[in-house]
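Written out below as structure tokens is the structure these notes cover.
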Amino acid sequence: MKARVALALAALLFAGGLLRDGADLWIDGTVLPPLTVETGVEVTARDGTLLRAFTVADGRWRLDPGAVDRDFLAMLVAYEDKRFYQHNGLDPLALLRAVWQVAANGRVVSGGSTLTMQVARLLEESGTGRLSGKLRQIRVALALERRLTKDEILDLYLRLAPYGGNLEGVRAASLAYFGKEPRRLTRAESALLVALPQSPETRRPDRAPATAEPARDRVLARLTAAGALPVDRGVRTEPVPTTRRSFPALAPHLADRLRREDPTARRIATTIDPALQRSLEALAARVSRSSPARASLAILVADHRTGDILASVGSPDWTDASRAGFIDMTRALRSPGSTLKPFVYALAFDEGLAHPETLIEDRPVSFGPYAPQNFDRAFRGTVTAREALQLSLNIPVVSLTEAIGPARLLAALRRTGADPVLPGGDPGLAVALGGVGLTLEDLVGAYAALARLGAPVRLSARPGATQPEGPRLTSPEAAWLAADILAGLPPPANAPTHQIAYKTGTSYGHRDVWAVGFDGAHVVGVWLGRPDGASLPGAFGGELAAPILFDTFARIGPERTPLPPPPPSTLILPNARLPQPLQRFRPRGSILAPGDDMPEIAFPPDGARVEAGASLALKVRGGTPPFTWLANGAPAVLSERSRESALPVPGPGYLRLSVIDGLGASASATVTLGP
């Protein structure tokens, strides 16, 4: 009792101006606690909503308050400190009232602390029961008022006020108890959040709803009686929450990675579509329930027009240790199986080695000690390149890889932003069948380049971080031809018949099953397997991954953006009308005996920079006439018996030239045409 009277008198002395000079020195000499309050890192979606929040270092949920409902702020000030905007940190009238009520009732009826004093206590985590502690709060409060604005003091309260357990601040409480941001609270919700900090543990609605509800109602009653709230008897019928909700944790693997990459950022914006992300996480969880034990699943969706990653599911459940759910399988190195075959064909089309209607052999063949087999151990004989890719035959694609060179395939993948990892040594022909390590993100980025008619784009989940890559994957014509073949694959059973260009794959030993595809706007990749690399017996990409791919496209939206039309110079002809060298693929050395003369581009030489004019002189050395010249994969000069030709030049830029002689042998060169 004596302490409260002394406290009230001290307040009057300061408020009345007595001992002003000494008080000023006392206040100005106050050593304040740190005023920068740590808040948890937030990862946000493309619409600004919260994807995932992290606790501060000591495990408390404390978030930047952001936008807070104006009615809540008005109720807080009216209930806790109605003269907040008029006093200098102390409210002498409130202190005298508190002392008078103690004297009259023999117990504490109302406190005399201002919001500024409460902030002082929260900053120092000090108690309130001793006179020395209260005097320290007064001193800090007076100093805070001199160094901060009222809005800055209120912001500190909104960050630090306790709401039970490890919840601090109004935003953490609103998300935990109501599952929503605090910018649109109801009056009943606001009243509960006003009442909780006075006794956060005894009034926790998730543990003591019978105590929380009367506390809320007292706030409503007092503010209504004071005229701060309109009379609304129905507001008290709104139930108090009885459970504490989990904080948002969408795209947890991606959020963790972005946080590690930018450890100083407190707010990390992403391009993730929250509705799509939520839908695909539910899809992954559903698929997981019927998947083999220890199997995981990853899904990646991007807008290939911009490079924005729209959804990233690293596993069905990041907390499921039995499936190694903590591993982000969108970034794990795996064998891509047959998913690289379209790139071999696109490069072969670009080199003038083949066309979708080119005949190619699917027969037993050996490349030194390497004798590839088809997955089903059967042979189809003579097929078109289109059929070979749609049937995912191994022997034709290895023959094409031997012709273009496996190193060129890896170089093309790197141009898309992929980082292929070889198991050791120089690349061999097996890379075309999955003998290389790639991530799901690598594959989706590579297919994005196909979807963009050979123009790579670097995928990113950070706004504004995507940038087009430099060199092209292939010419637009070659990329379109490969995509056209993939678009002709029938969809899985019961899947919608959207026009989607896609390819499935199964790695050696059934360790990985894949499906990657695209329409005119989006590219999607699906991987399923065991994170530890163990086999999934009987698992095939067409049976397991393809249905998930089509389900994912359906969840993107009911309307598909159509695939682009063929570029104007695309060669669309049946086999019989193709230039003779393109009618049948002849593996290197199948026609020419060792020592026979091979064609070589004498001019322009590979890598040269040539001044662009009306036409470009072409010269071939060696080889057997007639010669067919291709420019960026499109036929430009047909059946020319002369070793010199002229090519009309469209303008400055890169130009990929290929010459094919009468026996099917070829040579290529890339030149730069300048002004």
>> Being closer than 19 Å to T271 by Cα, outside any helix (DSSP H, G or I) and in contact with a strand residue (DSSP E or B) (Cβ under 9 Å, 6 or more places away or on another chain) narrows it down to one residue among L353, L310; which is it?
In response: L310
> Pairs under 6 Å by beta carbon, first residue assigned to a strand (DSSP E or B) in segment 517-539, partner buried (at least 21 other Cβ atoms within 10 Å of the Cβ) and charged (D, E, K, R), six or more apart or different chains?
Replying inline: G529/D512
> Taking segment 50-97 as the search range and keeping residues that are among the small types (G, A, S) and crowded, with 18+ Cβ neighbours inside 10 Å, which one is nearest to G169 (Cα to Cα)?
Replying inline: A53
>> Anything in segment 132-151 that is without any contact (Cβ under 8 Å) to a residue 40 or more places away in the chain, more than 15 Å from R83 (Cα to Cα) and charged (D, E, K, R)? List them, or say none.
In response: R136
>> I'm told L549 meets every condition in (1) surrounded by fewer than 18 Cβ atoms within 10 Å (Cβ to Cβ); (2) closer than 28 Å to L300 by Cβ except one. Can you identify the failing condition by its number?
In response: (1)
>> I'd like the residue in segment 393-429 that is polar (S, T, N, Q) and in contact with a Leu (Cβ under 8 Å, 6 or more places away or on another chain) and, out of all such residues, is surrounded by the fewest Cβ atoms within 10 Å (Cβ to Cβ).
In response: N394
>> So, I272, is that one under 14 Å from A45 (Cα atoms) and among the aliphatic types (A, V, I, L, M) or not?
In response: yes
> Which residues, taken from segment 289-305, are surrounded by fewer than 19 Cβ atoms within 10 Å (Cβ to Cβ) and either modelled with pLDDT of 95 or more or touching a strand residue (DSSP E or B) at 6+ places or on another chain (Cβ under 6 Å) (or both)?
Replying inline: R305
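Hey, could you check segment 366-387 for residues that are touching a residue at least 40 places away in the same chain (Cβ under 8 Å) and not in a strand (DSSP E or B) and say which is surrounded by the most Cβ atoms within 10 Å (Cβ to Cβ)?
Among residues in segment 366-387 that are touching a residue at least 40 places away in the same chain (Cβ under 8 Å) and not in a strand (DSSP E or B), the one surrounded by the most Cβ atoms within 10 Å (Cβ to Cβ) is A385.
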>> Among the residues of segment 443-456, are any outside any loop (DSSP other than H, G, I, E, B), basic (K, R) and either under 29 Å from I572 (Cβ atoms) or more than 34 Å from the chain's Cα centre (by Cα) (or both)?
In response: no
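The values are calculated or read from the model by the stated rules, or taken from the named source; none is laboratory data. Keep in mind that what you see is a predicted model, and the values were worked out from it rather than measured. Here Cβ is always computed from backbone atoms with ideal geometry, including for glycine, and neighbour counts include all displayed protein chains.
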